[in-house]
Amino acid sequence: MTKKQEQLLLLLKEVDGICRSNGLRYCMAGGSLIGVMRHEGFIPWDDDIDLYMPRNDWDRFVRICEKELPENRIVECRECDPEYTNTFPRYGSSDTCAIHKHQIIGKDRAGEIIDILTLDPIPPGRRKYRRYRTTMMIYSELVNPNNVFCDRWEISVLRYRWNLFLYRILGREKALSRLEKKMFSWQEEKCSRYAMRWGGCPFLFDKEMFFPLKDGIFEGLSVMIPAHTSDYLIWHYSDEWRFVPPHKERESHDTISPEGMDYRQFRELYLPYVDTAHFRKETIRYKSYSIGAARRNHKLASMRQELYGTAVLMDFRARQKEKLENGISLADAVKKREFS
């Protein structure tokens, strides 16, 4: 393990201990779950840990940590830190430094962390999920000034600008609380689905995919994993999750992690040289442009795919009588599903 992975494993042991001692549910997710199933530990080049936790359990987790929290540990979320710049919460250390891109001009805490992606209950029906998704996109734009989210779902730029206006008039706390009431209004016992609270794409899951939980092994630690682990991983990554990717396809996260200082000390070194007001102004302009251009960009992407598909089809039709090495035609090979 790397030094960073050792720090993350220590944080995971603490989260697991708090949850098991208090009857709370969590489960390994994303690349961390691949690590459980493929390596029984970290993916060798991985540099983070992802967990899912139902919203009710997270609310209890926060209340417990308000009373009993290990030394130099922090719970990062909107409830605990009004300056927090992310849509999902984290558990981390306060005596280290791991500043992500969206935190460069922020004031929130930025040590080594575990991402705890909250599972928000969602009732059946498309309309309610779409309402959640639209509100989450706007919320993400206001919480996180450095990323653009609304362009992924063609959210109206007018809706973004209206909420930005309310943000400036009402203030951060009131504007965000107003959106939170819309998103987090459904009760878990009345819902059969979860939306994974992530600004980039709030994935929708059936509850039965996760619960009841099972146990897996991660670096010698017994951890909670989804009931239908393979279904989740195939849905998320396709069957390719079983195979170790080539070196050039191995991804990790970009963080600033200088040794020997915490995030406060490091920010004191560089923030005096950053024009944060100008940066925020330009970011808002960039957001507005990206959201406004989303529909056109998506249409162009769709046209490119159609043109590429047409070119492949034309090539196939031109070559369908061509004889292959085994003597049959390309058309016959396709018909017999002999794709090799």
(Q) Quick check on my link table: of K182/K281; K207/K299; K174/K214, which ones sit more than 32 Å apart, alpha carbon to alpha carbon? (A) K207/K299; K174/K214
Q) Can you give the net charge of the other residues whose Cβ lies under 12 Å from the Cβ of E71, counting K and R as +1 and D and E as -1? A) -2
Q.
If each residue of separation counts as 0.36 nm, what is the full-extension length gain between V274 and V62 once their alpha-carbon separation is subtracted?
A. 73.0 nm
Q.
Residue by residue through the stretch 273-287, what is 3J(HN,Hα) from phi via Karplus (6.51 cos²θ - 1.76 cosθ + 1.60, θ = phi - 60°)? Round to whole Hz and write x for glycine and proline.
A. 9, 10, 7, 5, 5, 5, 4, 5, 4, 5, 5, 5, 4, 5, 4
Q: Would you compute, for the Cα atoms of the stretch 18-60, the largest minus smallest coordinate along each principal axis and list the three values in descending order, in whole Å?
A: 33, 17, 14
Q: Could you work out how far helix 126-143 tilts from the main Cα principal axis of the chain, as a 0 to 90 degree angle to the nearest 10?
A: 60 degrees
Q. Can you list the residues, at least 5 places off or on another chain, whose amide H is less than 5 Å from the amide H of I225, using H built in the peptide plane?
A. M28, K214, D215, G216
Q. Can you give the angle from 0 to 90° between the axis of helix 157-170 and the longest principal axis of the chain, with both taken from C-alpha atoms, to the nearest 10?
A. 0 degrees
Q: Would you work out the charge dipole size for the stretch 199-291 about its Cα centre, treating the Cβ of every Lys and Arg as +1 and the Cβ of every Asp and Glu as -1, and quote it to the nearest 20 debye?
A: 460 debye
Q.
For Y91, what residues show an amide H to amide H distance below 5 Å, using hydrogens built from the backbone and excluding near sequence neighbours?
A. E76, I114, I116
Q) In the stretch 15-50, which residues have a backbone nitrogen under 16 Å from the label point lying 7 Å from E6's Cα in the Cα-to-Cβ direction? A) 42
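What net charge do the residues around S140 carry, taking every other residue with its C-beta under 11 Å from that of S140, with Lys and Arg at +1 and Asp and Glu at -1? Let's see the in-between values first.
Numbers: positive: R133, R152, R197, K287; negative: E141.
Around S140, the surrounding residues sum to +3.
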Q. Residue by residue through the stretch 78-85, which ³J(HN,Hα) values in whole Hz follow from phi under the Karplus form 6.51 cos²θ - 1.76 cosθ + 1.60 (θ = phi - 60°), with glycine and proline marked x?
A. 5, 5, 9, 9, x, 8, 4, 10
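Read-outs throughout are calculated quantities, based only on the coordinates presented, and are distinct from any laboratory measurement. All of these numbers come straight from a predicted model, not from anything done at the bench. Reconstructed Cβ throughout: ideal geometry from the backbone, glycine too, with neighbour counts over all protein chains shown.
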